[in-house]
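The values are calculated or read from the model by the stated rules, or taken from the named source; none is laboratory data. This is a predicted model, so every value here is computed, not measured. Don't worry about glycine lacking a Cβ; one is built from the backbone with ideal geometry, like all the others, and counts go over all protein chains shown. These area figures cover heavy atoms from the full protein model, side chains too; ligands, DNA and RNA do not enter into them. Shrake-Rupley method; radii C 1.70, N 1.55, O 1.52, S 1.80 Å.
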Amino acid sequence: MNNSIAKFLSYIFHPLLMATYLVGCLFYFAPQAVNAEVLPPQSLGILLVAIMAYTFVIPVLFVYGLQQLRMIQSLMLQTLEERRLPLWITVMVYAAATYFFGWKFIHLGAISTVLSVILGSITVSILLLSLISLYWQISAHMTGIGGVVGFLLAVVYLSGDPRLATPLLMAVLASGWIASARMQLNAHTTEEISAGFVLGMLICGAGALIFL
């Protein structure tokens with residue numbers, strides 16, 4: 001893998017996109033497993049766009065604003081010092097998203113519970129990542145994809161829906177690609193990559209098993 005491919009993978013599998021990918025996979029492959037079959041496809045599409053706006057667009061705009069204020073040098077947050085403030089801002093944004101989709105969308109029924117568990121689990125993962133990043137630069141990319149793998153594993157266990165085997169396999173393969181990309185770019189050590197993946201998988205997997 002060369003640096004160009006590694007950078008491309010780092011962008012398309014950005015940690016802030018993982019919530020959108022996870023919800024999209026659940027909506028598309030197994031809507032019954034997350035009680036999404038009650039909504040028409042158009043409504044699911046609008047809901048997915050809203051989730052992407054909350055969990056990707058808004059945090060990116062905050063980080064861009066920090067860069068314009070010269071509080072950080074790069075949008076990729078390559079150093080331990082640069083990532084701390086953006087991570088804490090992201091925690092607050094995701095906490096607000098958890099409240100919004102979990103309680104303001106309560107009229108959607110069980111699907112709002114699923115969304116609140118997904119976003120709440122990711123919020124806890126980012127919070128722990130923020131605390132760890134005070135001392136150790138574990139991989140946020142691997143925390144993100146680890147969360148997707150953990151949540152899908154838990155939903156497969158709870159629902160037994162075989163249609164989730166495809167997105168689960170895709171997520172596992174993506175984990176390998178992302179790990180290789182981050183190492184190719186010398187962004188993290190093997191220990192930082194492993195720790196990030198385990199953190200995301202355990203928190204999001206446990207969240208799904210306990211609250212779904």
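Specify which labelled value, from [x] 45, 34, 29; [y] 54, 33, 30; [z] 42, 39, 31, agrees with Cα extents along the principal axes in Å derived from the coordinates of the model shown.
[x]
Using helices alone, what [θ] at 222 nm do you get for the chain, with -39,500 (n - 2.57) per DSSP H run of 4 or more residues, divided over all residues and rounded to the nearest 500? Present the calculation step by step, with values, prior to reporting the outcome.
Working: 9 runs with 150 residues, N = 212.
About -23500 deg cm²/dmol.
Which residues does a label at residue 2 reach in region 161-190, if reach means a backbone N under 14 Å from a point 7 Å past the Cα toward the Cβ?
It comes to no residues whatsoever.
Taking R0 as 25 Å, what's the FRET efficiency between residue 131 and residue 11 from their Cβ-Cβ distance, rounded to 0.05?
Plugging the Cβ-Cβ distance into 1/(1 + (r/R0)^6) gives 0.45.
Can you send over the carbon and sulfur percentage of the accessible area for the chain, probe radius 1.4 Å, protein chains only?
Numbers: 7240 of 10360 Å².
About 70 percent, which is the carbon plus sulfur part of the accessible surface.
What is the Å³ per residue value for the convex hull set by the Cα atoms of region 10-107?
Values: hull volume 10.3 nm³, N = 98.
Roughly 106 Å³ of hull volume per residue.
What FRET efficiency comes out for residue 38 versus residue 96 if R0 is 25 angstrom and r is the Cβ-Cβ distance? Round to the nearest 0.05.
E(calc), rounded to 0.05, equals 0.50.
Would you mind getting me the FRET efficiency between residue 53 and residue 170? Use the beta-carbon distance for r and R0 = 35 Å, nearest 0.05.
0.90
Counting pairs of Cα atoms in region 96-171, how many percent are more than 17 Å apart?
Details: 1588 of 2850 pairs.
Tail fraction, whole percent: 56.
What net charge is computed for the residues neighbouring residue 37, neighbours being all others with C-beta under 15 Å from the C-beta of residue 37, Lys and Arg scored +1, Asp and Glu -1? Present the calculation step by step, with values, prior to reporting the outcome.
Values: positive: 163; negative: 161.
Combined, the nearby Lys, Arg, Asp and Glu give 0.
Quick check: pseudo-label points 7 Å beyond the Cα along Cα→Cβ at residue 73 and residue 190, how many nm apart are they?
If labels sit at residue 73 and residue 190, their model points lie 2.9 nm apart.
By how many degrees, 0 to 90 and rounded to 10, does the Cα axis of helix 18-29 deviate from the longest principal axis of the chain?
For 18-29 against the chain, the angle is about 30 degrees.
Which angle from 0 to 90°, rounded to the nearest 10, does the C-alpha axis of helix 58-68 make with the longest principal axis of the chain?
Helix 58-68 and the main axis of the chain meet at about 20 degrees.
Roughly how many Å² is the accessible area per residue of region 110-206, as a whole number, for a 1.4 Å probe?
On the way: 3830 Å² over 97 residues.
That works out to 39 Å² for each residue.
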